[in-house]
Structures are given as structure tokens and as C-alpha cells.
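> Questions regarding the structure given below will be posed in turn.
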Amino acid sequence: MNAIENLSITGAKILFETPIRIFGQQLVITESQVNSWIVILAVFILCKVLTHNMKVRPESRRQIIAEFIVEKATNFVKGNMGEQFAGFAPFIAALMALSALSSLLSIFGLFSPTSDLNTIAGWAVVVFVMITFYKLKGGLGGYLKGFTQPIFVLTPFNIISELATPVSMMFRHFGNICSGSVIMTLVYAALATVSTAVFRWLPGVLAQFPFFQIGIPVVFSLYFDIFGSLLQAFIFAMLTMMYIASAAEDGEAAADARRQRKLNKQNKHKKQEV
Amino acid sequence: MELALEKAIILAASAIGAGTAMIAGVGPGIGEGYAVGKACEAIGRQPECKGSVTSTMLLGCAVAETTGIYGFIVALLLLFVTPNMFINKLIG
């Protein structure tokens with residue numbers, strides 16, 4: 001019964017508190033921040049090691065791996081967003097690497113930064129800013145007019161659905177990773193309880209040793225930790241690309257419409273002058 | 001242990017609410033099962049499209065999962081956030 005009583009499902013622990021105050025809130029350094037620094041460092045070291053000492057004709061295995069990753073990322077972005085967005089490949093690859101490695105930290109028993117809503121909220125806000133930036137390329141008027149389509153009665157719903165984009169993105173990622181870690185905690189506790197119930201007759205410390213925790217959690221971990229993490233990284237990147245590409249399309253269409261209107265006006269003036 | 005009954009009511013109501021919120025998991029289950037079934041049909045008809053069908057299906061499944069995830073987040077809030085909030089309100 002001990003395992004069930006000791007079971008604790010908590011969020012990110014606060015490691016230390018800084019004296020800095022922002023809007024009356026104390027700035028604290030949490031476990032998820034420190035773990036995401038670890039992830040950033042890991043990505044940085046990986047990039048440094050893979051791109052070290054590069055040649056025009058690849059000789060080392062490292063360079064071949066690096067070229068493979070870059071080519072895959074570029075083709076992935078080009079295939080989903082179109083040729084003109086090839087410049088997005090580094091951003092999307094960085095997002096995927098951060099998301100996947102953060103979620104995979106839970107394999108090592110560390111708190112994964114992606115099961116803290118704040119981490120993913122940051123990414124979602126970045127994506128939202130980019131979407132709005134590309135929509136604003138068609139001019140502020142066109143952007144605001146987009147909210148009143150198809151009829152102006154729907155304006156509040158359009159605003160809600162615009163804000164729902166980042167919210168649903170961050171809840172999807174957070175919910176999947178967090179539910180995985182909650183289920184893994186429950187599985188470990190249940191296995192410990194069952195094994196102490198079954199091996200009660202063993203002498204001394206051995207009776208309390210959770211034998212069932214060896215090997216059996218791998219099956220669950222494969223799905224919840226590895227498959228779920230990689231899938232969520234893929235989906236977050238995919239949705240980012242789709243939203244940005246469609247926003248750019250909208251902005252482009254609005255800009256075209258504006259240009260057309262200007263041309264028409266000029267033509268009209270010319271006709272009047274003639 | 002003053003207000004023990006009130007605290008017990010808050011905790012019990014939160015637990016019942018969390019359990020009820022997880023009924024939201026039914027919808028995505030049915031929807032995703034249907035989507036996977038259709039994907040299996042598509043792969044059976046055109047096995048050469050397996051890769052693109054699978055990745056599109058996974059993306060669609062993840063989007064369909066959102067409602068279930070919302071239910072899960074409501075359950076998490078009911079279990080870990082609201083009981084303390086209401087108990088503090090009761091005391092303070």
C-alpha cells in the first residue's frame with residue numbers, strides 16, 4: 001500500500017526564487033526552465049559536433065548525418081509550405097528538435113519541460129506572432145476586414161477562433177505529454193503495489209523490492225514516452241507550417257486585392273483626364 | 001479539524017467532476033477509430049500510398065484528439081487546482 005500512499009503527481013518544482021519582481025509576480029526558476037536549458041545545450045552540442053570540420057566532399061560520417069538532417073528538413077518544409085518558404089527550414093527544425101528532445105527527457109526520469117504548460121505557451125505565442133505578421137503583410141485594413149468575413153455578425157466568433165489557434169496548439173502538446181507522464185507514474189505505482197503483494201513471503205528488504213518495475217514499464221514507455229513525444233513534435237511543426245502558409249496566402253491575397261484597387265483607381269483618373 | 005465536512009464535500013465534488021470531465025475521452029476515441037478504419041481501407045485499396053495516408057491520418061488524429069485533451073485539462077484542474085482554491089476561500 002506504500003507505493004499508492006507515496007504517489008505524488010506534481011508540476012514543475014521551484015528550484016530557487018529570484019528577488020526580481022515582474023507585475024507583482026516573483027520571478028522563479030523552475031525545474032522546467034533548468035531542464036530546457038539542458039535541452040538547448042544538448043541541441044547546441046549536437047550541432048557543433050555534427051558540423052565540426054566540414055569538407056566540400058563529405059568524408060566523415062558526422063557530416064553525412066548533418067547533411068541528411070538538413071536535406072530532410074528542407075524537403076519537409078518545401079513539401080508542406082511551398083518552395084518560397086524554404087527559409088523556414090531552420091526554424092521548423094529547431095522547433096522539432098527542442099520539442100522532441102524536451103519530451104524525450106522523461107526517459108531519463110527527468111521532468112520534461114513540455115509537460116509544463118508555460119514552455120509550450122511560449123512556443124505557441126511565437127507561432128501566433130508569426131501568423132499575425134504574415135496576415136498583416138496585406139495591410140492592417142485587410143487584416144481587420146478579414147474578421148468580418150463572411151458577414152460582420154460573425155466578428156466575435158472569428159476573433160475567438162483566431163485566439164483559439166495558439167491555445168489549442170499548446171493544450172494539445174501539453175495534454176499529450178502530461179497525460180503520458182501521469183499514466184507512467186500510475187503504472188509505476190501500480191506495479192510496485194502488485195509486486196509487494198505478490199512477493200510478500202520473501203525475507204527482509206526483498207519483500208519491499210518492486211520486481212515488476214523491471215522491464216514491464218518498457219511497453220508503456222515505448223508508446224507514451226517515445227512514440228507520443230516524437231508524434232507531438234511532428235504535429236506541432238506540421239501545424240505551425242500549415243498555419244503560417246495559409247496566413248501568408250491570406251496576406252498575399254489581401255495585398256493583391258489592394259494593388260488591384262489602386263490600379264483601378266489610377267485607370268479611372270486617367271480616363272477622366274482624357 | 002474544523003470545517004471537515006465542508007472540505008470533504010469540496011474534495012468529493014472535485015473528484016466526481018474530474019471523473020465526469022473524462023467522459024470527453026469517448027468522442028475522440030470513436031472519431032479516431034473511424035479515421036484509422038478509413039485509413040486501413042485506403043491502404044488496402046492503394047498500398048503504395050501507405051506513407052502519406054499514415055502521416056495524414058496521424059495529423060488528423062492529433063487534431064481530433066483536442067477535445068479529449070480539453071477534458072483531461074479540466075480534470076487536472078479539478079483534481080489539483082480548484083480544491084485548494086475553494087478550501088482557501090472557505091477558510092479566508
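> Under the Karplus relation 6.51 cos²θ - 1.76 cosθ + 1.60, θ = phi - 60°, what is the ordered set of whole-Hz ³J(HN,Hα) values for region A:128-141, x standing for Gly and Pro?
These are the phi-based 3J(HN,Hα) values: 5, 4, 5, 4, 5, 4, 6, 6, 6, 4, x, x, 5, x Hz.
> Continuing with this model, one more query. May I ask which residue of B:LEU58, A:GLN84, A:SER60 lies farthest towards the positive end of the charge dipole of the protein assembly as shown, with charges of +1 (Lys, Arg) and -1 (Asp, Glu) on Cβ and the Cα centre as origin?
A:GLN84
> Buried accessible area for the B:A pair, summed, 1.4 Å probe, in Å² rounded to 100? Working shown, then result.
Values: alone 6460 and 17940 Å², together 23150 Å².
The summed interface area works out to 1300 Å².
> Once you treat every alpha carbon in region A:199-274 as an equal point and sum by Debye, what is log10 I(q)/I(0) at q = 0.22 Å⁻¹?
Summing over Cα pairs of region A:199-274 leads to -0.98.
> Now for a different question. Calculate, in whole percent, how much of the Cα-Cα pair population of chain A lies beyond 23 Å.
68
> List the pair-distance distribution P(r) of chain B, using every Cα-Cα distance, as the percent of pairs falling in each 5 Å bin from 0 up to the bin containing the longest distance, rounded to whole percents.
Each 5 Å bin holds this share of Cα pairs: 3, 13, 16, 13, 11, 9, 8, 7, 6, 5, 4, 3, 1, 0.
> Using θ = phi - 60° and the Karplus curve 6.51 cos²θ - 1.76 cosθ + 1.60, what whole-Hz ³J(HN,Hα) does each residue of region A:35-46 get, with Gly and Pro shown as x?
Whole-Hz 3J(HN,Hα) from phi for region A:35-46: 5, 6, 5, 4, 5, 4, 4, 5, 4, 4, 5, 4.
> So how exposed is B:LEU90, as accessible area in Å² (1.4 Å probe, rounded to 10)?
Rounded to the nearest 10, the figure is 70 Å².
> Further, regarding this structure: Which of the residue pairs A:LYS135/A:LYS270; A:LYS135/A:LYS265; A:LYS78/A:LYS262; A:LYS48/A:LYS137 have a Cα-Cα distance greater than 27 Å in the structure shown? Each step should come with its number before you reach the end.
Numbers: A:LYS135/A:LYS270 32 Å; A:LYS135/A:LYS265 24 Å; A:LYS78/A:LYS262 33 Å; A:LYS48/A:LYS137 36 Å.
The answer is A:LYS135/A:LYS270; A:LYS78/A:LYS262; A:LYS48/A:LYS137.
> Across region A:54-68, in residue order, what do the Karplus-derived ³J(HN,Hα) couplings come to in whole Hz, using 6.51 cos²θ - 1.76 cosθ + 1.60 with θ = phi - 60° and x for Gly and Pro?
7, 10, 5, 9, x, 10, 8, 5, 4, 5, 5, 5, 4, 5, 4
> Here is a further query. Share of region A:49-198's accessible area from carbon and sulfur, percent, 1.4 Å? Could the numbers behind the result be given before it?
On the way: 5820 of 8190 Å².
Answer for region A:49-198 is 71 percent, counting heavy atoms of protein chains only.
> Could you list which residues have their amide H under 5 Å from that of A:THR30, counting only those 5 or more apart in sequence or on another chain, with H placed in the peptide plane?
The answer is A:LEU15.
> Per residue, how much space in cubic angstrom lies within the convex hull of the C-alpha atoms of region B:1-54? Spell out each step's value before the answer.
Details: hull volume 4.0 nm³, N = 54.
With only Cα atoms used, region B:1-54 gives 74 Å³ per residue.
> Okay, moving on. Quick check on the protein assembly as shown: helices-only [θ] at 222 nm, where DSSP H runs of length 4 and up contribute -39,500 (n - 2.57) each and the sum goes over total residues. Nearest 500, please. Before the final figure, lay out each step's value.
Details: 14 runs with 262 residues, N = 366.
About -24500 deg cm²/dmol.
> Quantify how much of the Cα-Cα distance distribution of region A:32-87 extends past 13 Å, in percent. It would help to have the intermediate numbers written out before the result.
Values: 1046 of 1540 pairs.
Tail of the P(r) past 13 Å holds 68 percent of the pairs.
The values are calculated or read from the model by the stated rules, or taken from the named source; none is laboratory data. Keep in mind that this is a model prediction, so the values were computed, not measured. When we count neighbours, we look across all protein chains shown, and the Cβ atoms used for this are built from the backbone with ideal geometry, even at glycine. Side chains are part of the model used for accessible areas, which takes the heavy atoms of the whole protein and leaves out ligands, DNA and RNA. Shrake-Rupley method; radii C 1.70, N 1.55, O 1.52, S 1.80 Å.
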